[in-house]
1. Only one of 123, 42, 93 is modelled with pLDDT under 95, assigned to a helix (DSSP H, G or I) and either touching a Leu at 6+ places or on another chain (Cβ under 8 Å) or not basic (Lys, Arg) (or both); which?
2. State which residue is surrounded by the most Cβ atoms within 10 Å (Cβ to Cβ) when the search covers only the range 281-309 and only residues that are among the charged types (D, E, K, R) and farther than 12 Å from residue 62 by Cβ.
3. What number of residues in the range 267-309 are within 22 Å of residue 31 (Cα to Cα) and either in a loop (DSSP other than H, G, I, E, B) or of a type in the set (A, V, I, L, M) (or both)?
4. Just the residues that are outside any loop (DSSP other than H, G, I, E, B) and touching a helix residue (DSSP H, G or I) at 6+ places or on another chain (Cβ under 8 Å), please, taken from the range 191-204.
5. Which ones in the range 122-138 are over 21 Å from the mean Cα position of the chain (by Cα) and either within 20 Å of residue 256 (Cα to Cα) or in contact (Cβ under 8 Å) with a residue 60 or more places away in the chain (or both)?
6. Among what's in the range 150-169 and is modelled with pLDDT of 95 or more and of a type in the set (Ser, Thr, Tyr), pick the residue that is nearest to residue 85 (Cα to Cα).
7. Name the pairs: first residue in the range 151-173 and within 27 Å of residue 254 (Cβ to Cβ), second residue surrounded by 18 or more Cβ atoms within 10 Å (Cβ to Cβ) and of a type in the set (Lys, Arg), Cβ to Cβ under 6 Å, at least 6 apart or on different chains?
8. Which of the residues spanning the range 226-245 are under 12 Å from the mean Cα position of the chain (by Cα) and either polar (S, T, N, Q) or modelled with pLDDT under 95 (or both)?
Amino acid sequence: MFFLDSLEVDRVLRRLKSVYGSVSEDLRGWNWSSDVLSPPIEGVYLSVSEVANRYCSTFRDVYLKRVVGTPAPYSYKTVRGWIYHDVCKKVVEKAKSNLYREGLMNGSKLYSSLLIDRGDVIEDMLKEYEVSKHLDQHYLDRLKGEAEILYSFLALQAASRLDRVLSRLLRVDLESVISKVVSVDVERIVNGQLLGLSSELKIDMFADKRIVVEIKTGDVRDFHKYAVTGYALAVESDLEIPIDYGIVSYIHVRDGYVKIKNKMYFIGDELRREFLEVRDEAFSIINRGMDPGKPSDCPEYCVYYRVCR
């Protein structure tokens, strides 16, 4: 992604590799038939977020959604997450399509071509997600403004990335430039059913066919590392490509500025075992069908907080 510095990423990943070493073969996703990786229940498939988002320590969120059938209520943070994700996706797609359609150009021209459509793209996005049904006018206007700021920021990053690529290449051709400027697949779909996960898992970004990227728009939580772990295992089970690294990118728009924090993980044996333990506990909650009760301390940021109160 444009906000990932390739040199920084390579440096950190090499350091992670040297610290944590290799991944055990029996914990690779393609060994899905083993006792450790195979799901404990057949015919039930969870999204990665259902497993990984451990807001609730007793897994009552899984019980409410999967056993009782109570969907999580929408909040401003929920809707903001939809829009921020889509803005990231749209800028990547439009940068790529504009280069293919108009040919090689400098960063300034790419930036201008991306900004021309900004208003229409965001208006269409707000309509597609029916944001007006979930937010009042005050919050809708606030979200629209944040989306415009994020869009402009990413467009500028794309333009800057293009100029850097052009300045380093001795021989310039369109395909090689695009592959370096837009080096990620957005919303790559993989099938996680062999691991008890959904058949159409959407990875926010898949970089260099070796890194899964998860975009978060809220606060930093330790359990977010399980999301990239789940996607890594799913990619390995579906595509049989080894995935050793994950990046959680936290994106915020505050006071007119975009703030980005990237947390990088080596998806080693410990993370894989932890994710599988959490997955198995979620399945156990569904299989028993009994209310596990509320935890002693319910965090207010849990999506089911108001349901459980």
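The values are calculated or read from the model by the stated rules, or taken from the named source; none is laboratory data. Quantities reported herein were computed from a predicted structural model and do not represent experimental measurements. For neighbour counting, all protein chains shown are included, and Cβ atoms are generated from backbone atoms with ideal geometry for every residue, glycine included.
1. Numbers: 123 fails: modelled with pLDDT under 95; 42 fails: assigned to a helix (DSSP H, G or I).
When all the criteria are applied, what remains is 93.
2. Here is the first cut: in the range 281-309, the residues among the charged types (D, E, K, R) are 281, 288, 291, 294, 297, 300, 306, 309.
Applying the additional criterion that residues be farther than 12 Å from residue 62 by Cβ yields 294, 297, 300, 306, 309.
On the way: 294: 15, 297: 6, 300: 8, 306: 11, 309: 8.
The qualifying residue surrounded by the most Cβ atoms within 10 Å (Cβ to Cβ) is 294.
3. Of the residues in the range 267-309, 6 are within 22 Å of residue 31 (Cα to Cα) and either in a loop (DSSP other than H, G, I, E, B) or of a type in the set (A, V, I, L, M) (or both).
4. Let us first name the residues in the range 191-204 that are outside any loop (DSSP other than H, G, I, E, B), namely 193-195, 197, 201-204.
Residues satisfying the conditions are 194, 195, 197, 201, 203, 204.
5. Just the residues of the range 122-138 that are over 21 Å from the mean Cα position of the chain (by Cα), to begin with: 123-124, 127, 130, 132-138.
Residues satisfying the conditions are 123, 134, 137, 138.
6. Within the range 150-169, the match that is nearest to residue 85 (Cα to Cα) is 151.
7. Filtered contacts from the range 151-173: 151/118.
8. 229
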